[in-house]
Amino acid sequence: MGSKRPKGPDSAREYIHAAAVGVDRKRKRALLGRATTPVRVTRATTVSQLLDAYREASFQARALGKAAAIFEAMLRDRQRPTIFLGMAGSLIAAGMRQVIVDLIEQNMVDVVVSTGAIVSQDFYQVRGGRHYHGHPDADDKELRDLYIDRLYDTFIDEEKYWATDLAVSKFADGLAGKSMSSRQFLSLLAREARQDKGSILGACSRRGIPLFVPALNDSSIGIGLTEHYHRFRRQGRAPFQISSIADNYELTQIVVKSPATAALYISGGVPKNYINDSIVMSYIFGIDTGGHKYALQITTDAPHWGGLGGSTLSEATSWGKVSKKATHEMAFIETSVALPMLYGYALQKNAARGRKRLSYTWDADILKSVRRV
């Protein structure tokens, strides 16, 4: 006698169907309602077309495509939100100097908040310094003997950095005894950069864009100011000083005088938290702004370490920094790759066309008015 066939489905098809008994078909159709589309690139494909296509793909391509669309939306918004650019990392060494200048010149940002390193590297280049091709496997002991500084695969002339430090120190001598916010100080220093069409300091000066560096001490400019401080203290004279609390006060005034705010974060760090904290500090003026209307961040920091740089914009909602109704996106991509693409997208979409510039009137640390011009 032959053995009996075991009970069960007669085919793989029946087996699959049997396993799927009780599936919520309506919910399943809803979740599978939009298929991804392969990215197609032709000889004529533009940056804006590529990022539009990215939104139909997956992973960080989709995230960057969505971030680009949010950037376009904040630029076109009729409420005219004030856009804060927060930037950290070695963006100048990475070759992003002109892209940042173009964002300012094309009226795509209204306030810039930076690390000291970025502005110091910008001023270093204003004074003729350059960044050079290097190699991550270079002999760092030899580089030290030659006074060459290394940023991964990029070299910098340390002797020219010393000269930059001392130029800042000498500049501060003319401000002895005064205390200023970083914005006030940099607006004066930037006068030396106005003729440099590739300078961030120069672009902010030409366009009247407030530039804040809340951790200015942590930079080559800070070293120069410390040299000035040391000399004047030894001479028994009152040195020039930066007031970081004045920075808080000034930036928060911009927030409370804005109809809405939007944030573009390139990396994280101090600039990200500084801009977000200005939303929180609005309560000092008796105002609850509700948080940023738009926010996007490009970073390689990861959220699961609990650090600020990688903390999600959704997490920021719990603090009231980003609105509960905000449109926001994070793309975990190296910034020197993503930033030119974001700028190129907005440029090719003509997203800032017709967007009026903001004109700020300051009386020391008091913001008297913000006008559209």
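Give me the mean projected area, in nm² to one decimal, of the convex hull enclosing the Cα positions of the chain.
29.1
Highest mean first, what order results for 354-360, 33-39, 337-343, 83-89 on Cβ atoms within 10 Å? Spell out each step's value before the answer.
Values: 354-360: 14.6, 33-39: 9.0, 337-343: 20.6, 83-89: 25.6.
Answer by packing, highest mean first, reads 83-89, 337-343, 354-360, 33-39.
Compute the separation of the alpha-carbon centres of the stretch 84-126 and the stretch 52-66 and state it in Å as a whole number.
With the stretch 84-126 and the stretch 52-66 each reduced to a Cα centre, they are spaced 25 Å.
Need the full-extension length gain, Ala20 to Leu166, defined as separation in residues times 0.36 nm minus the C-alpha distance. One decimal, nm.
Values: separation 146, 0.36 × 146 = 52.56 nm, distance 7.37 nm.
That works out to 45.2 nm of additional length.
Divide by every residue of the chain the summed helix terms, -39500 (n - 2.57) for each DSSP H run of at least 4, and state the resulting mean residue ellipticity at 222 nm, rounded to the nearest 500 deg cm²/dmol.
Using -39500 (n - 2.57) per qualifying helix, the result is -13000 deg cm²/dmol.
Does the stretch 240-310 classify as rounded, prolate or oblate by the C-alpha gyration tensor (a ≥ b ≥ c root eigenvalues; a/c under 1.5 gives rounded; else a/b over b/c gives prolate, otherwise oblate)?
Values: a/c = 2.20, a/b = 1.35, b/c = 1.63.
Note, shape of the stretch 240-310 comes out oblate.
Would you mind checking the stretch 246-268 for residues with the amide N under 15 Å from a putative spin-label position 7 Å along Cα→C-beta of Lys356?
Counting backbone N atoms under 15 Å from the label point, the list is 258-260.
Based on the alpha-carbon gyration tensor of the stretch 56-192 and its eigenvalue square roots a ≥ b ≥ c, which shape applies: rounded if a/c is under 1.5, prolate if not and a/b is larger than b/c, or oblate? Before the final figure, lay out the partial values.
Working: a/c = 3.13, a/b = 1.27, b/c = 2.46.
Here the stretch 56-192 falls in the oblate category.
Convex hull volume of the Cα atoms in the stretch 195-261, per residue, in Å³?
Details: hull volume 8.8 nm³, N = 67.
Expressed per residue, the convex hull around the Cα atoms of the stretch 195-261 is 131 Å³.
Does the stretch 223-272 come out rounded, prolate or oblate by the C-alpha gyration tensor, with a ≥ b ≥ c the root eigenvalues, rounded set by a/c under 1.5 and, if not, prolate when a/b is larger than b/c and oblate if not? The partial results should precede the final answer.
Values: a/c = 6.06, a/b = 2.23, b/c = 2.72.
Oblate, because a/c is 1.5 or more while a/b does not exceed b/c.
Report, in whole Å, the centroid distance computed from the Cα atoms of the stretch 246-267 and the stretch 168-225.
If you average the Cα positions of each part, the centres end up 19 Å apart.
Lys/Arg Cβ at +1, Asp/Glu Cβ at -1, dipole of the chain taken about the Cα centre: which of Gly291, Ile279, Val111 is farthest positive-ward?
Projecting each Cα onto the dipole axis, the largest value belongs to Gly291.
How much length, in nm to one decimal, is gained on full extension between Leu31 and Val370, taken as 0.36 nm per residue of separation minus their Cα-Cα distance? Walk me through the numbers on the way to the answer.
Working: separation 339, 0.36 × 339 = 122.04 nm, distance 4.60 nm.
Gain in length upon complete extension: 117.4 nm.
For Gly129, list long-range residues whose amide hydrogen, built 1.01 Å from N in the peptide plane, is under 5 Å from its own amide hydrogen.
none
Among the aspartates and glutamates, which fall within straight-line cross-link reach of Lys356, defined as a Cα-Cα distance under 18 Å, with same-chain neighbours fewer than 8 residues apart omitted?
Glu72, Asp77, Asp102, Glu105, Asp110
Too long at a 26 Å Cα-Cα cut-off: which of Lys66/Lys324; Lys257/Lys324; Lys197/Lys368?
Details: Lys66/Lys324 18 Å; Lys257/Lys324 21 Å; Lys197/Lys368 29 Å.
From Lys66/Lys324; Lys257/Lys324; Lys197/Lys368, over 26 Å: Lys197/Lys368.
On the protein heavy atoms, probe 1.4 angstrom, tell me the percent of accessible surface of the stretch 269-312 carried by carbon and sulfur. Kindly include the intermediate steps, with their values, before the conclusion.
Values: 1180 of 1990 Å².
Solvent-exposed carbon and sulfur of the stretch 269-312 make up 59 percent of the total.
Label point 7 Å out from His304 along Cα-to-Cβ: which residues of the stretch 320-338 have amide N under 15 Å?
What the label zone holds, given the 15 Å backbone N cut-off, is no residue at all.
Between Thr312 and Asp149, take the C-beta separation as r, use R0 = 45 Å, and let me know the FRET efficiency to the nearest 0.05.
For R0 = 45 Å, the calculated efficiency reads 0.85.
Mind listing the phi-derived Karplus ³J(HN,Hα) values for the stretch 85-94, rounded to whole Hz, using 6.51, -1.76 and 1.60 with θ = phi - 60°, and x for any glycine or proline?
9, x, 9, 9, x, 8, 5, 5, 4, 6
The values are calculated or read from the model by the stated rules, or taken from the named source; none is laboratory data. These figures come from a predicted structure and were not determined experimentally. Cβ coordinates were reconstructed from backbone atoms using ideal geometry, including for glycine residues, and neighbour counts include every protein chain displayed. Note: accessible area is taken over every heavy atom of the protein model, side chains too, but ligands, DNA and RNA are not part of it. Shrake-Rupley method; radii C 1.70, N 1.55, O 1.52, S 1.80 Å.
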